[in-house]
Structures are given as structure tokens and as C-alpha cells.
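Every number in this text was worked out from the coordinates using simple rules, so none of it is lab data. This structure is a prediction, so every number in the text was calculated from the model and none was measured. We place every Cβ from the backbone using ideal geometry, glycine too, and count neighbours over all the protein chains shown.
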Amino acid sequence: MAFGDKKSPRVESLSKTVEINVEMHGTLSFKELVDLKINGLFTGSLDVCGSLTVGGRADVEADIKGDSVIIAGKVKGNVNASKMLTLLPTAVLTGNISAPKLNIVEGALFHGSCQMTPSETVDWMNIKELAVYLELDEGTIIELVRSGKIPVVREGDVLKFERSQIDAWAAAGMVR
């Protein structure tokens with residue numbers, strides 16, 4: 001992910017970004033980490049190791065499996081997220097949900113049933129790891145924490161950041 005000013009040398013991400021901006025039919029299955037973004041029409045099935053973002057103009061008719069799934073467009077099909085599912089205000093989801101964590105933002109439409117599954121192990125980052133992940137300096141991260149603009153868990157003097165919450169936060173455009 002690339003956000004804001006880069007104060008430290010760039011560290012290559014472990015996942016690759018794939019963006020689909022056209023009409024596509026078929027099955028997409030990724031066994032290695034990927035950050036998949038769909039902005040066009042897609043019909044078929046999606047199985048993603050990593051994150052999947054359905055853009056605001058996307059129209060997807062597919063059963064979806066992924067680690068972290070963020071929906072801003074239209075989806076008709078069942079969604080199984082192993083870490084977290086986020087429905088943004090412009091999302092329209094018709095289908096069943098299975099996820100350990102669910103964030104439905106006001107304005108999103110959902111028609112189906114929801115099953116909250118037990119959470120897998122949580123992927124935590126410290127300030128240094130988060131700074132590299134977001135390509136921001138540590139001072140900027142601390143300011144975001146102080147102003148309450150970033151999701152954080154405090155354990156005494158230790159600050160911890162859950163990767164799936166940071167992904168959803170960043171996808172919602174909260175990075176400034």
C-alpha cells in the first residue's frame with residue numbers, strides 16, 4: 001500500500017496488486033497473497049488469498065472467498081471472508097455472509113443471512129511495522145493515534161494495529 005509522504009525507503013509488499021477494470025467472466029483463484037480490485041463487471045467465482053475490493057462502480061455476480069473483503073459496489077452472491085468483511089455506504093449485497101468480523105457502514109444495503117464464524121489468528125502490527133506497511137513515518141502514525149483517526153488497541157504502553165482493520169480503514173479513504 002502506498003499512502004502519504006514516504007520518509008523511509010520503500011519496502012516491496014509481499015502481495016501483488018491486480019486490478020480489473022473491464023467486463024470479465026470466469027473463475028479467478030489466487031493461492032498467493034494478492035490485493036485484487038474489481039472496478040468493472042465480473043461474473044463467475046472469486047477465491048482470493050489476500051484482500052478483495054469491489055469498487056463503487058463494480059457489478060459482481062459471483063460467490064466470493066477471501067481473507068479481507070471490502071465491498072463498495074453491487075454484489076450478487078455469497079461472501080465468505082476469513083478475516084473481515086466491510087460493506088461501505090454504496091454497497092449493495094444480495095447473498096449470504098460468513099465472516100468472523102463484519103463492518104456494515106450506514107447506507108450499505110444487505111439482503112441475506114449472516115453467520116459470524118470464529119476468528120482465525122489475528123495479524124497484529126506494531127508502530128514500526130505499520131509505518132512500513134503504510135509507507136508513512138512513525139511520527140505520522142503517532143499523530144493519527146493521538147487524534148483518534150486510526151484503529152488501534154492499547155495494552156498498557158503498547159500500541160497494536162490489526163492488519164484487517166487497517167486495510168478497511170485505508171480502503172475507506174481515511175488516510176490523509
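Please work out the FRET efficiency for the pair Thr117 and Val92, using the Cβ-Cβ distance as r and a Förster radius of 22 Å; give the result to the nearest 0.05. Rounded to the nearest 0.05, the efficiency is 0.45. Amide H to amide H, with H built 1.01 Å from N, Ile20 comes under 5 Å of Lys37, Ile38, Asn39, counting only residues 5 or more places away or on other chains.
Suppose we take every Cα in the chain and form the convex hull; what volume per residue is that in Å³?
Numbers: hull volume 20.4 nm³, N = 176.
Taking only Cα atoms, the chain has a hull volume of 116 Å³ per residue.
What is the count of Lys pairs in the chain whose alpha carbons sit under 13 Å apart, if the two are 8 or more places apart or on different chains? Total qualifying Lys-Lys pairs in the chain comes to 7. Panel order for Asp35, Asp47, Asp167, by other beta carbons found within 10 Å of each beta carbon, from fewest to most: Asp47, Asp35, Asp167.
Summarising the strand pairing of the chain, around 10 percent of its internal DSSP beta bridges are antiparallel.
In square nanometres, what is the average projected area of the Cα convex hull of segment 124-171? Intermediate results must be reported in sequence, preceding the final value.
Details: hull surface 12.0 nm².
That works out to 3.0 nm², a quarter of the Cα hull's surface.
For Val34, the residues 5 or more places off, or on other chains, whose built amide H falls under 5 Å of its own are Lys16, Cys49, Gly50, Ser51. One chain, two ends: Asn126 and Ala172. Fully extended at 0.36 nm per residue, the span grows by 14.4 nm beyond their Cα-Cα distance. Amide H to amide H, with H built 1.01 Å from N, Asn103 comes under 5 Å of Leu85, Thr86, Leu87, counting only residues 5 or more places away or on other chains.
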